[in-house]
Amino acid sequence: MELATAVAEHAVQHYRQGSGAPAQDHREELAQALQRWSLYLASSGLRIQAHEVAGQAVDIYHALHQFSPSEEHEFALAEALKDLADRLVDVGRFEDADLCARDSIRRLEPLFQRNPSRGNAFGLVKSLCTLATATHRIGRQREALQAATEACELIERLPHAQESDEHAPDEIQGMRAFALRGLAWQLGASGRVDHAVARASESVEIYEALRERCPGLWKRDIAEALSILGVQHAARQEWDESVERHTEALNRHYNALEREYREAVRPQHALALGRLAEAHLGRARARPAESRQEDLLEALEHVEQALEQYEGMREEDRWANRIHEAWTNCLEAEVLLALDATGRPQRAAPATRQTCGRAEAAARRALTLYDELDVRAWRLRFNRARAQEVLAQSYGGRGRPRAKVLRAHEQAHYAFARLDAEEPGRAEAELHDIEDTIESLRQTGPPAQARAQTAVNRSGKRRKRHQPKPGLRGRQSRQGAAGHRRHR
């Protein structure tokens, strides 16, 4: 990848110099070279620079289309806008990505209506999928689901590949799997989990068939499809299937991709580790109390690995993935509290307070990150409310004052109540659980914790109250002593 990036950069410099000819004669070649360079930079993890280079390509295509309007220049500009939208998503600028994707679709739709070729269809499908991702991240879920559905319907309407087609059959199948993968995620985010599992399973099957024909390709795609399928199984509380899918994504793909591409796949790798930890936590909660320890320890190991991945990211990657890092910190707090509840009868009070203290610190880190974000999206506000609830639980485990524990739970209850009012039924279970907790606290108070032993003066000597410590006599004490001698 480093060699490909260097070659692409050299090509850009070559076309900028023009090899002795006027630079404007090579503007189209320069724009194409900038697009390739941006793609390689993004694949290498240099996302800020990739975004800047993609913007330069868009500027050149704009100038070309204004100077010489044509369908070819219009299509090239739309493709460049879609690439810029992808790079904006990579750096966390989702509203700007939404605007660029819409501009791309606005240019591609008339082209496809006039000429419904497979190339125009592919361009439109990719732009719709990018739009779905951007609108999902800024909280417009209905628009995201609509865009993903349109992309999938469009690719399904295309005729089967012929030998004379410019696109190979594998490329067509890959585009279909890509559209199904995006639709599965948006269906799951909209609560239609059964349909999401079906679409994600179909996407995985297509990628598996493609990988058998070309083992060196499709690794990132199949890893992402498996991870999405694992999330949908978790939403249906099919914990064994969820653990299997996430484990397969990590062991067969992400671990190898991390060794090969390093920082380029670190955000996806960290997210996959967190999702596997969540699956282990869900399976532990579904089991009897005496059978939870193994899954909880697995969950703690994976969530700590995920947090290490976030700490090792480039600064721009960590900033763009603050949402996922906040969710992972909250997940760590939940795992620690579950471990504490499982082993509490056998553990001493100081160990219990130490575990709950770690959980409280993790929940506070999550809330700090959420407070830095624009929390208009329903799912984001739900995750923040969940972090508030976990923080309240950690207060109870540490033996905090009853009023403080109750107040923290009431704040989380208020957040969940607002969410349930906006989307009736989606936060109902969490709302009922926290209402039961509040009622229990009002009747009995938080679980009692043994107080720490006070310090003991083993010498047996009683120190006089307000006795000044020797060696700390300053200017005022010396002045006081001199005045006492004068008036004696």
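Looking only at the stretch 242-297, residues that are basic (Lys, Arg), free of Cβ contacts under 8 Å to residues at least 24 places away in the same chain and closer than 23 Å to Arg314 by Cα come to 1 in all. Every test in (1) touching a residue at least 24 places away in the same chain (Cβ under 8 Å); (2) assigned to a helix (DSSP H, G or I) is passed by Met313 save one, and that test is (2).
Within the stretch 101-118, can one find any residue that is touching a His at 6+ places or on another chain (Cβ under 7 Å) and at pLDDT below 95?
yes
For the stretch 148-174, residues that are out of contact with any Cys (no Cβ under 8 Å at 6 or more places or on another chain), closer than 24 Å to Leu131 by Cα and at pLDDT 60 or above total 13.
Taken over the stretch 294-325, the criterion of being of a type in the set (Gly, Ala, Ser) and either surrounded by 17 or more Cβ atoms within 10 Å (Cβ to Cβ) or within 21 Å of Asp371 (Cβ to Cβ) (or both) is satisfied by Ala299, Ala306, Ala320. Where helices (runs of 4 or more DSSP H) fall entirely within the stretch 164-269, those with at least 2 residues that are under 16 Å from Ala148 (Cβ atoms) are at 169-189, 193-213, 219-235. Applying the criterion of being of a type in the set (Ser, Thr, Tyr) and open to solvent by 40 Å² or more (accessible area, probe 1.4 Å) to the residues of the stretch 1-32, the residue that is modelled with the lowest pLDDT is Ser19. Residues of the stretch 209-224 that are farther than 23 Å from Leu276 by Cα and of a type outside the set (D, E, K, R): Ala209, Leu210, Cys214, Pro215, Gly216, Leu217.
Selection of helices (runs of 4 or more DSSP H) fully inside the stretch 326-427 by the criterion of at least 2 residues being open to solvent by less than 10 Å² (accessible area, probe 1.4 Å) and modelled with pLDDT under 85 returns 378-397.
Listed here are the residues, each with its yes/no results for (1) part of a helix (DSSP H, G or I); (2) surrounded by fewer than 24 Cβ atoms within 10 Å (Cβ to Cβ); (3) not hydrophobic (A, V, I, L, M, F, W, C).
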| residue | (1), (2), (3) |
| --- | --- |
| Leu84 | yes, no, no |
| Leu88 | yes, no, no |
| Arg102 | yes, yes, yes |
| Leu108 | yes, no, no |
| Ala121 | yes, yes, no |
| Thr130 | yes, no, yes |
| Thr133 | yes, yes, yes |
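The values are calculated or read from the model by the stated rules, or taken from the named source; none is laboratory data. Values in this document were obtained by computation on a predicted structure and should not be read as measured data. Because the Cβ atoms are built from the backbone with ideal geometry, glycine has one as well, and the counts that use them run over all protein chains shown. Quick note on the areas: whole protein, heavy atoms, side chains included, nothing else; ligands and nucleic acids left out. Shrake-Rupley method; radii C 1.70, N 1.55, O 1.52, S 1.80 Å.
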